[in-house]
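The values are calculated or read from the model by the stated rules, or taken from the named source; none is laboratory data. These figures come from a predicted structure and were not determined experimentally. Positions of Cβ are generated from backbone atoms using ideal geometry, with glycine treated the same way; all protein chains shown enter the neighbour counts.
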Amino acid sequence: MRNIGKISRGFVDRYNQEYEVAYEAAGVGIWEWDLDRDVISYSKYCARLLNIRRGKPLNCKLFTSLLHYEDRERVIAALRTVQMTGFLDLEFRVVHAGGKANWLHVKGSMSPDRRVGGRELSGVVFDIDSRRRAEDELRSNNQRLQSILDMVPDAMIVIDEAGIVTSFSAVAERLFGYRAEEIVGRNINKLSLEIDRNRHDSSLEHDRRTNKPPVIHFDRVLTGQRKDGTTFPMLLAIGEVVRADCGSITEFGHRHFIGFIRDLTEQQKTQAKLHELQVNLFRLSRLSLLGGMASSFAHELNQPLAAINNYLVGVQRLLEGNDDSHAATIRAALDKAARQTLRAGDIIRHLRDFISRNESDKRIVRIAHLLEETCDLALAGAHDMGIVVHVQVASEVNCVLVDTVQIQQVLVNLLRNALEAMQDTVRRELTVAATLDSSFMVEILVSDTGHGVPEDYLPRLFEPFMTTKETGMGIGLSISKTIIEAHGGRLWVETNPFGGTTFRFTIPSVNEE
Ligand code: ADP
């Protein structure tokens, strides 16, 4: 280590005496570094900034020992090159008492030495602590904002007023297949995306007039195009970003538009699948209702067939001993008729056997689960029709022993009727609720605010083929009633005092254990 030697009485001291007050007021310290002797002389204010006692001998090594350990290596490397470059421009932290670090900025350049052949560097140092801290805070705020934005599942694109992309998020990169560098700085048209700024202007203007903060306005569903030329359905939401440093937002160049883009591919696929499921569900429920109807017809037809057979046997007996020339032909015809009647009975018996084969498959199910599953499927799309759905299950309601498919059939039929009844009404509310009645039966209610049932239809509502719909079959309610009664419950209807209809049915509750 070289000897620091006596502090030079160079220009630092001279200027210090003459301009000390002015330098201090300006927050600038001055210094001089004699490279050959490795002696650094410094002003009073400089000593304050470096947190050293004034007059303390200083050289390069002692100077670097004052620095924050994270900055030391970088500063040493810069000081090594200064001999070649003859120029210094550095920002670093000096450690103060208590470990607090303060940011300083040093600038200097090689100055003509008063000594012949000597090398001297002189310059200034000033405090940049508040600026650096503000910058650090800004950077960490930006990082925080960026990490929040990175979590947004939608693609985000920011454009300026001229349509030039200023930001293109990572999700946007994945969605469109372009890297941000390929898009940022280019016109948004590169994405074949027309962000209709004029269209948004009127709604944004309205927000401005009503003093509302600029909000996001949803656009229609558009078709996006990826880099490889393939297209996808997307929902675009546009908001306006106004720079805080701009006085008038109407001034050109001061407004930015932020677009959030949601890929609707999966959503549309799911919707199509759901629609297909719903159509299948309704078709199956109809088929199943028809099965139920056939079963009850079979039951009803058995009796008249038996009666016909009895009459035929009676007539045959009456004809016994009759010598009429036609009697034999009549007997033969009656015989055939009787056989056909028996055949009809057999067919019906087979039909009933076939239908009853998978007739009942009763299980214990949680009513909340049953309602939830059925409503999910039968009411998908109800929200788009503007229907508000309430599903309430009372806490004391737990399990029921039912044929799930059949009870779902009843529910689907009631829900579908309710949706159809509300197609043209202004108020559209559907309530599905389950409660426990005094006789330990679960009572399920399906109530709507639809057009209601005309008074004169009410008594015949559960009769087969009673329908008011053009394409209706009028068998849903009658079969539903059969199903519920087969479960030991009851199905009935009430008209709502506020308009609309309420259907209620009961099924036996069971203890889960
Ligand atoms: P479909 O729906 O095929 O007509 P249903 O047996 O399910 O057969 O219904 C019979 C009739 O009952 C319907 O045509 C309709 O007139 C009436 N109806 C059923 N539910 C409602 C309801 N929620 N609101 C008004 N009318 C209803």
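Miscellaneous remarks
- Residue match in region 208-220 (condition: at pLDDT below 90 and of a type in the set (Phe, Trp, Tyr)): yes
- When residues of region 472-504 are limited to those that are assigned to a loop (DSSP other than H, G, I, E, B) and within 8 Å of the ligand (Cβ to nearest atom), the one nearest to Asp403 (Cα to Cα): Ile475
- Residue tally, condition surrounded by 14 or more Cβ atoms within 10 Å (Cβ to Cβ) and not β-branched (Val, Ile, Thr), over region 500-513: 6
- Just one of the listed residues (Phe498, Phe462, Phe440) is within 38 Å of the chain's Cα centre (by Cα) and of a type in the set (Phe, Trp, Tyr), and it is Phe498.
- Where a residue in region 398-415 is charged (D, E, K, R) and its partner, wherever it lies, is assigned to a strand (DSSP E or B), with Cβ under 6 Å and at least six apart: Asp403/Lys362
- With respect to being at pLDDT below 90, of a type outside the set (Ser, Thr, Tyr) and in contact with a strand residue (DSSP E or B) (Cβ under 9 Å, 6 or more places away or on another chain), Glu463 falls outside the description.
- Unmet requirement for Gln340, which otherwise passes all of (1) buried (at least 16 other Cβ atoms within 10 Å of the Cβ); (2) over 50 Å from the mean Cα position of the chain (by Cα); (3) modelled with pLDDT of 80 or more: (1)
- Among (1) under 19 Å from Lys107 (Cβ atoms); (2) outside any helix (DSSP H, G or I); (3) modelled with pLDDT under 60; (4) not small (Gly, Ala, Ser), the one test that Val12 misses: (2)
- Test: residue in region 445-456 that is surrounded by fewer than 20 Cβ atoms within 10 Å (Cβ to Cβ) and under 22 Å from Leu370 (Cβ atoms): yes
- Residue ID - modelled with the highest pLDDT, chosen from residues in region 357-388 that are in a strand (DSSP E or B) and in contact with a helix residue (DSSP H, G or I) (Cβ under 7 Å, 6 or more places away or on another chain): Val365
- Among the residues of region 246-269, those identified as surrounded by 12 or more Cβ atoms within 10 Å (Cβ to Cβ), at pLDDT 70 or above and of a type outside the set (A, V, I, L, M, F, W, C) are Arg255, His256, Gly259, Arg262, Asp263, Thr265, Gln267, Gln268.
- Residue tally, condition out of contact with any helix residue (DSSP H, G or I) (no Cβ under 7 Å at 6 or more places or on another chain) and either assigned to a strand (DSSP E or B) or hydrophobic (A, V, I, L, M, F, W, C) (or both), over region 31-84: 15
- Remark: pairs (first residue in region 461-481, without any contact (Cβ under 8 Å) to a residue 40 or more places away in the chain; second residue among the small types (Gly, Ala, Ser) and near the ligand (Cβ under 8 Å from one of its atoms); Cβ separation under 6 Å; 6+ apart in sequence or on different chains) = Phe462/Ser478; Phe465/Gly474; Met466/Gly474; Thr467/Gly474.
- Residue match in region 110-121 (condition: touching a strand residue (DSSP E or B) at 6+ places or on another chain (Cβ under 7 Å) and β-branched (Val, Ile, Thr)): no
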